[in-house]
Each structure stands twice: as C-alpha cells, then as structure tokens.
Amino acid sequence: MADGRNLKVLGISGSLRKGSYNTAALRAAQELAPAGMTIEIFDLSPIPPYNEDVKNVGFPAPVQELRQRIAAADALLIATPEYNYSMSGVLKNAIDWASRPPEQPFNDKPVAIMGASPGVTGTARAQYHLRQSGVFLNMHFVNKPEVMIGTAASRFDAEGRLTDETTRGFVRDLLASLAAWTRRLNPG
Ligand SMILES: Cc1cc2nc3c(=O)[nH]c(=O)nc-3n(C[C@H](O)[C@H](O)[C@H](O)COP(=O)(O)O)c2cc1C
C-alpha cells in the first residue's frame, strides 16, 4: 500500500433480491480488494421511499445511517442493476435521500461503479445515468476500467460466486484504480 492508510470503501448494491448479481459482484469485490482496502456492504432494504414531508421532520434512522456511512467512507463502490435503461429505483431513491442538505455526503467522494445484468450491454446505460446524477452531486468517478458485466448468468455460479476469470480481472483492476484515485484526490 502506497501511503500506509487502510482505505474504507462502502459498497452499495442497487438490488434488494437475495440472488442479486450486483450484490454478488460486490461480494466478489470484497474478495478481490487489494491490500490496504476493505469493503463493507450497506443494505439498502430499510431505506423508505423518499418523502419530503418525512424528511422535513428528520431523516429516518436508516437514511441517517447511510449518510453517516457514506461520509465516513474514503470511497464508494456502487453496483447498479439496469432497469429500463437506467439505474434501479432502489438505488436512485437511496441517492436521493442521502443527497439532501445539509452537508450532502457525496460531495468530493471518490466513486467506482460497476453493474451486472443478464443482457449483453451489462448495465452500460444505467451506469451513464448514474454518472449523470453523480455530476450534480460532485462525485468523482473512476473513469476506467468500465466494468459492465453482461450475460451475468454465465459469469456467476449458482451460489452467486463470480467465477469468470476475465471479469474478476476487471473488478480487480477497478479496485486498483479506485485505490489510486482515492489516494490522488486525498493524499494522506
Ligand atoms: C423493472 C425491470 C427492468 C429491467 N430493465 C432492464 C434493462 O433495461 N436492461 C437490462 O439489461 N436488464 C433489465 N432488466 C433485467 C435486470 O438486469 C435483471 O433483473 C438483473 O438480474 C437485475 O439485477 P440483480 O441481479 O442485481 O437483481 C430489468 C429488470 C426489471 C425488474
């Protein structure tokens, strides 16, 4: 590790289902993380649908926790499904909640993204929508490699383990880029 710091990465999956390829990709990332990086996965299932009336009374506890975990992380790793050519509503909803002032925690945050889908484009369109929202929130995305895991059923086994060696290599490269990007943006 370049500067002796351990990088804390918060992993966020935009899918709630048990057999999610995207959550499975995050689990693979935990395994493939370089020395000096730890990845914790945040479960979005307790995040309620966004409601400004609720927010005006106070952030619900799960949202508060999400905001704190994002703020405390050195970087984020988001795995987005593609729903109707965009990111999932679950992911957008969580971003919407976490993004509300004061002190929106995405500001200046290094972020890597990836995504998995059974289709051949492997969430490409969803990832560009995610990048678009991230511009407004001043997230700093890793640009390359782009990890778009298409034909996901052939790359994960029945237990949700990422078995495709080429894809494992892409995830490894993405994490190495995230580590370098994070250290470059925030020298220790
Ligand atoms: C509402 C809905 C819309 C979808 N739209 C797309 C799509 O635009 N492109 C795509 O590749 N897959 C699409 N899919 C299929 C998802 O990629 C697939 O369900 C995938 O497994 C979801 O991610 P997960 O495995 O992490 O849950 C859609 C699925 C749902 C439920």
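Nothing in this text is a laboratory measurement; each read-out follows from the coordinates by a stated rule. Quick caveat: nothing in here was measured; it's all calculated off a predicted structure. Don't worry about glycine lacking a Cβ; one is built from the backbone with ideal geometry, like all the others, and counts go over all protein chains shown.
Across segment 22-180, the mean sequence separation of Cα contacts (distance under 8 Å, 6 or more residues apart), normalised by length, yields a relative contact order of 26 percent. Semi-axes of the equivalent ellipsoid for the chain, computed as √(5λ) from the eigenvalues of its C-alpha gyration tensor and ordered from largest down, come to 24, 21, 14 Å. Charge tally around residue 97: other residues with Cβ under 12 Å, Lys/Arg +1 each, Asp/Glu -1 each, net +1. Share of Cα-Cα pairs in segment 20-104 beyond 19 Å, in percent? Summing the P(r) of segment 20-104 above 19 Å gives 44 percent of all pairs.
Normalised Debye scattering of segment 63-128 at q = 0.13, 0.20, 0.21, 0.27 Å⁻¹ gives log10 I(q)/I(0) of -0.39, -0.82, -0.88, -1.16, counting only Cα atoms as equal scatterers and leaving out solvent. Label positions at residue 71 and residue 85, each projected 7 Å from the Cα along the C-beta direction, are separated by 3.8 nm. The aspartates and glutamates within cross-link reach of residue 144, meaning a Cα-to-Cα straight distance under 16 Å and a gap of 8 or more places when in the same chain, are 173.
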